[in-house]
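Written out below as structure tokens is the structure these notes cover.
Read the figures in this text as sums done on the coordinates, not as results from a lab. Bear in mind the structure is a predicted one, so any value in this text is a computation, not a measurement. Virtual Cβ from ideal backbone geometry, glycine too; neighbours counted across all protein chains shown.
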Amino acid sequence: MQPWVLITGGAKRLGRATCLGFAASGWNVACHFNASAKDCDDLEQEIAKQYPHVKFLGLKAQLASNTEVEALFQTLTQTTGEDLLCVVNNASLFEPDTADAFNQEQALEQLRVNLLAPMRLGQLMAALHSKTNGSHNRPSNITPSLVHILDQKVFNLNPDYFSYTLSKLALERAVSLQAQGLAPTVRVNAVAPGLMYPSGPQSQSNFDKAASVNLLHRPIDPEHVVQCILFLAQNPALTGTTLRADNGQHLVPLERDVMNVVDQLLKGQ
């Protein structure tokens, strides 16, 4: 039996690296995307070339819509059945706003994608695997799990990206609550990475400086984050756990988001 993983927002950046990491570890890969169909097609070809034994499925859905989330899961399980053993909630909306000037609809959109969709996918995973009660024929080291992708910002608060941060704070608290609520059927863990790729309006020069604002003074390698995700997916003893894969960025407090701090330094130069 070859397990399946669903990776939301899997066609680009960390999602893409995560798809490749699971494929290299012998998992079949379901890649969710919204507006990245070409990237998903390219990823499918790359996985087929590198890992011909791995099955791949691309699935389009708008995660802000509960109807589309449910349809995605139904389509997926028609192919995978109970071999779907992990969901990596990687997709997120990251929009700049502040506490004194945020748009309610934009904030709700981020909550739907960043929090409510992962909650619903956890509910659907629990329903899927409650039928087997752990008796399904699967590798002994793999039990059904969710891995939420957080952000080091939840452990290193500043007021920038207000609504995004609130949604990730709620998701971080949900790790323990879901782990308790979905046990013993589904394990729930998370990874909180730091800055790995240019974000939003960030320039390359800004990113090059900001990427080393951490205790280890070096950029975070996305492959190291993927290793953490795989570890959580494949270690049956772990639930309710968050790994901070950020080179210690969460221990370097800043008054503003690191991108804004570096931008001010560059302007000063």
Between Lys38 and Ser65, what is the FRET efficiency for a Förster distance of 22 Å, r being their Cβ-Cβ separation, to the nearest 0.05? 0.50
Which of the pairs Lys12/Lys131; Lys12/Lys153; Lys55/Lys131; Lys38/Lys209 have their Cα atoms more than 23 Å apart in this structure? Lys12/Lys131; Lys55/Lys131; Lys38/Lys209
Gaussian network model of the chain, springs between alpha carbon atoms under 10 Å - residue of Gln110, Gln249, Gln123 with greatest fluctuation: Gln123
Pairwise FRET efficiency - Asp208 versus Ser25, Cβ, R0 = 30 Å, nearest 0.05: 0.45
Need the C-alpha centroid separation for segment 206-264 versus segment 42-90, integer Å. 26
Divide the volume of the convex hull of the Cα atoms of segment 4-268 by its number of residues and quote the answer in cubic angstrom per residue. 126
Along the Cα→Cβ direction, 7 angstrom out, place labels at Ala237 and Val252. What is the inter-label distance in nm? 3.3
If amide hydrogens are placed 1.01 Å from N in the peptide plane, which non-local residues have theirs closer than 5 Å to the one on Val88? Leu6, Ile7, Thr8, Val147
Taking amide H atoms as placed 1.01 Å from N in the peptide plane, list the residues 5 or more away in sequence, or in a different chain, whose amide H sits under 5 Å from that of Leu57. Val29, Ala30, Cys31
Identify which of Asn90, Asn141, Asn235 has the largest mean-square fluctuation in a Gaussian network model of the chain, with springs joining Cα atoms closer than 10 Å. Asn141
